[in-house]
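Student: Let me begin by handing over the structure; questions about it come next.
The values are calculated or read from the model by the stated rules, or taken from the named source; none is laboratory data. Note that the structure is a prediction, hence the values are computed from the model and not measured. Neighbour counts are summed over all protein chains in view; Cβ atoms, including those assigned to glycine, are modelled from backbone coordinates with ideal geometry. Quick note on the areas: whole protein, heavy atoms, side chains included, nothing else; ligands and nucleic acids left out. Shrake-Rupley method; radii C 1.70, N 1.55, O 1.52, S 1.80 Å.
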Amino acid sequence: MSSSVRKVALVTLGCARNEVDSEELAGRLAADGWELVDEAADADAVVVNTCGFVEQAKKDSVDTLLAAADLKDDGRTRAVVAVGCLAERYGDQLAASLPEADAVLGFDDYADISERLRRIVAGEQHVPHAPRDRRLLLPVSPVERSATAVALPGHGQEPDLPEGVGPASGPRVVRRRLGSGPSAPLKLASGCDRRCAFCAIPSFRGSFVSRRPHDVLEEARWLASQGVRELVLVSENSTSYGKDLGDLRLLEALLPELAAVEGIDWVRVSYLQPAETRPSLIDVIARTPGVVPYFDLSFQHASADVLRRMRRFGGTESFLELLAAARHLAPEAGARSNVIVGFPGETEADVDELERFLVAARLDAVGVFGYSDEDGTEAATYDDKLDDAVVRERVERVSSLVEELTSRRAEDRIGQTVEVLVEYVGDGVDGFAAEGRSAHQAPEVDGATLLVTRDETPLVEGELVTAVVVGSEGVDLVAEVVDRVAR
């Protein structure tokens with residue numbers, strides 16, 4: 001590579017799983033001599049890790065690519081490259097419709113990202129892939145998948161890596177941190193075997209494949225060595241972890257080991273599928289020291305009729321029983337979910353049932369999404385679609401209820417003693433001593449805890465403190481520090 005072409009910026013959109021994938025790409029590029037820079041304007045190449053989940057995410061990805069392409073007119077930037085879910089999902093279609101991007105790379109290109117990028121910056125044309133259903137690349141039987149050589153973002157390993165890129169020993173997981181906060185996502189698995197009628201993710205992420213426990217533990221130790229205090233376990237469906245390794249309860253065994261990693265204060269599990277959430281898993285999450293009692297449950301709706309049409313299971317009563325089981329073991333446990341309104345065939349009675357569930361569930365955070373057709377999904381073929389105006393009205397109606405309910409839930413926590421992971425100190429916290437998150441608040445999605453203190457000793461980013469909740473602002477809490485937790 002020419003010494004004048006060594007700077008690359010990675011821009012990440014979408015979920016925490018994409019963050020892990022970007023850090024794998026960063027690790028591979030850094031290992032091959034690229035200098036990682038924060039600002040796209042300072043880079044020879046800008047790599048945009050796109051999201052292809054819903055229509056708004058696709059639009060945001062395209063807008064980001066166009067903004068990066070504008071830098072080529074009068075700046076240093078010589079190439080803009082699309083990677084990630086939108087690039088994998090649409091491949092040559094995206095390349096044809098977005099000539100402003102110099103290349104569109106799929107997951108199969110990740111292992112050779114440095115060479116791909118070098119050639120693109122040098123002006124060579126990259127032939128984008130034709131999209132394909134990645135579920136067809138792996139055996140139907142989960143236990144036969146581990147021996148198959150299929151590109152799995154976030155699972156990359158290399159035998160020889162420079163210092164600072166992945167663990168110093170053991171399986172050399174390729175990763176370079178792009179942030180410096182005390183929390184980091186850690187990928188448990190990739191893909192999904194479920195066939196929800198509204199979701200296209202399995203078609204471009206593929207079938208479910210677990211990472212081996214030893215690999216996960218080694219990466220956890222490496223993250224701790226980089227200053228990470230909280231591990232957020234991510235996947236498309238964490239409750240399936242281990243089924244392809246011959247042990248469906250492998251997560252219950254892995255969680256205590258992760259919590260015991262030196263330097264790690266919290267382990268948080270994300271993306272739980274309610275139909276697969278076992279009593280034994282609830283018990284481990286609720287009662288293992290170091291594993292935060294937090295339940296990220298993908299309910300999607302509460303009407304049994306709507307859920308069946310979604311190709312999902314459960315309903316109001318079974319969901320409330322699941323939450324009650326968790327709160328029986330950990331009364332102050334956090335719980336969040338997402339719901340989809342306006343699904344084809346949804347009636348006013350179905351929305352009433354969803355609202356009844358939300359009132360009874362006492363969730364700490366809820367994402368409300370309006371249904372929209374996704375290419376290649378079963379629901380896109382349904383006839384009984386609702387008018388866009390009806391979908392918007394229901395989104396506004398349920399969102400308004402959720403805002404009221406989650407604010408009330410935050411108020412219920414006033415007087416509780418909570419542990420808080422400090423994330424920001426000083427400027428930018430609006431007069432408070434610091435800002436962090438309580439155990440029931442996941443990064444980015446669940447609100448924050450604003451800290452006040454009578455101690456003149458400044459709080460430190462990454463520190464764990466004990467505090468009493470004295471107020472709330474929407475889903476955010478205000479808490480007074482009463483003790484600083486010694487490690």
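Student: Among DSSP bridges having both ends in the chain, what percentage is antiparallel? Round to the nearest 5.
Tutor: 40 percent
Student: Between beta-carbons, use under 13 Å as the cut-off and find the net charge around Tyr271, counting Lys and Arg +1, Asp and Glu -1.
Tutor: Around Tyr271, the surrounding residues sum to +3.
Student: Placing unit charges on C-beta atoms (Lys and Arg positive, Asp and Glu negative, everything else neutral), compute the dipole magnitude of the range 365-443 about its Cα centre in debye, rounded to 20.
Tutor: Magnitude of the dipole: close to 460 debye.
Student: Further question on the same structure: Scan around Val291 for amide H atoms under 5 Å from its own, H built in the peptide plane at 1.01 Å from N, and keep only partners 5 or more places away or cross-chain.
Tutor: Val267
Student: Let me ask you something else. Just to confirm my understanding: which cysteines in the chain have no other cysteine beta carbon less than 4.7 Å from their beta carbon?
Tutor: Cys15, Cys51, Cys85, Cys192
Student: So what is the accessible area of the chain per residue, in Å², with the probe set to 1.4 Å?
Tutor: Roughly 42 Å² per residue, with all protein chains present.
Student: Take the Cα pairs of the range 311-416, get the Kirkwood Rh, then feed it into Stokes-Einstein at 4 °C and 1.567 mPa s and tell me D in µm²/s.
Tutor: Calculated translational D: 85 µm²/s.
Student: Here's a follow-up. At 37 °C and a viscosity of 0.692 mPa s, what translational diffusion coefficient does Stokes-Einstein give for the range 361-448, taking Rh as the Kirkwood radius over Cα pairs? Give it in µm²/s as a whole number.
Tutor: Translational diffusion coefficient: 202 µm²/s.
Student: What number, in percent, do you get for the relative contact order of the chain if the mean sequence gap of Cα pairs under 8 Å and at least 6 apart is divided by its residue count?
Tutor: Over the chain, the number comes to 9 percent.
Student: I need the Kirkwood Rh of the range 330-487: take the reciprocal of the average 1/r across all distinct C-alpha pairs and report it in angstrom.
Tutor: 17.6 Å
Student: How many angstrom separate the Cα center of the range 268-289 from the Cα center of the range 393-450?
Tutor: When both Cα centres are located, 22 Å separates them.
Student: Carbon and sulfur together cover what percent of the accessible area of the range 313-467 at a 1.4 Å probe radius?
Tutor: In the range 313-467, the share of accessible area belonging to carbon and sulfur is 49 percent.
Student: Next question, about the same structure. For a distance above 30 Å, tell me the whole-number percent of Cα pairs in the chain that qualify.
Tutor: Everything past 30 Å amounts to 50 percent.
Student: If the cut-off is a Cα-Cα distance under 28 Å, which lysines reach Lys187, setting aside same-chain residues fewer than 8 apart in sequence?
Tutor: Partners found: Lys7, Lys58, Lys59, Lys243.
Student: Add +1 for every Lys or Arg and -1 for every Asp or Glu among the other residues with Cβ under 9 Å from the Cβ of Cys51, and state the total.
Tutor: Summing Lys and Arg as +1 and Asp and Glu as -1 gives 0.
Student: From the mean inverse distance of alpha carbon pairs (Kirkwood) and the Cα radius of gyration, derive Rg over Rh for the range 216-281.
Tutor: Radius of gyration over Kirkwood radius for the range 216-281 works out to 0.98.
Student: Starting from the range 1-103, pick out the GluC sites (Glu not before Pro) whose DSSP state is loop and whose Cβ has at most 15 other Cβ atoms within 10 Å.
Tutor: Counting only loop positions with at most 15 other Cβ atoms within 10 Å, the GluC sites (Glu not before Pro) in the range 1-103 are Glu39, Glu100.
Student: Could you pull out every residue, at least 5 positions away or on a different chain, whose amide H is within less than 5 Å of the one on Glu423? Hs are placed 1.01 Å off N in the peptide plane, and Pro or chain starts have none.
Tutor: For Glu423, whose amide H was placed from the backbone, the distant partners under 5 Å are Glu435, Gly436, Arg437, Gly462.
Student: Under a 1.4 angstrom probe, counting protein chains only, how are His301, His328, His126 ranked by accessible area, largest first?
Tutor: His328, His126, His301
Student: So, one more: Ranked highest first by the average count of other Cβ atoms within 10 Å around their residues, in what order do 291-298, 192-199 fall?
Tutor: 291-298, 192-199
Student: Of the peptides 263-271, 182-190, how do they stack up when ordered by the mean number of other Cβ atoms within 10 Å, highest first?
Tutor: 182-190, 263-271
Student: Per DSSP helix of 4 or more residues, -39500 (n - 2.57); summed, then divided by the residues of the chain. What does that give at 222 nm, rounded to the nearest 500?
Tutor: -10000 deg cm²/dmol
Student: What size of dipole, in debye to the nearest 20, comes out for the chain about its Cα centre when the only charges are +1 on Lys and Arg C-beta atoms and -1 on Asp and Glu C-beta atoms?
Tutor: I would put it at about 1360 debye.
Student: Taking all protein chains in place and a 1.4 Å probe, what share, in percent, of the accessible surface of the range 18-82 do carbon and sulfur account for?
Tutor: Of all accessible area on the range 18-82, carbon and sulfur atoms account for 44 percent.
Student: Taking just the alpha carbons, could you work out the radius of gyration and Dmax for the range 17-105, both in angstroms?
Tutor: Here Rg and the maximum Cα pair distance are 12.7, 36 Å.
Student: Same structure again: Rounded if a/c is under 1.5, else prolate if a/b beats b/c, else oblate: with a ≥ b ≥ c from the C-alpha gyration tensor eigenvalues square-rooted, which is the range 62-135?
Tutor: Cα axes put the range 62-135 in the oblate bin.
Student: If you build the Cα gyration tensor of the range 228-347 and take the root of 5 times each eigenvalue, what three semi-axes come out, in whole angstrom, biggest first?
Tutor: So the equivalent ellipsoid measures 28, 15, 13 Å along its semi-axes.
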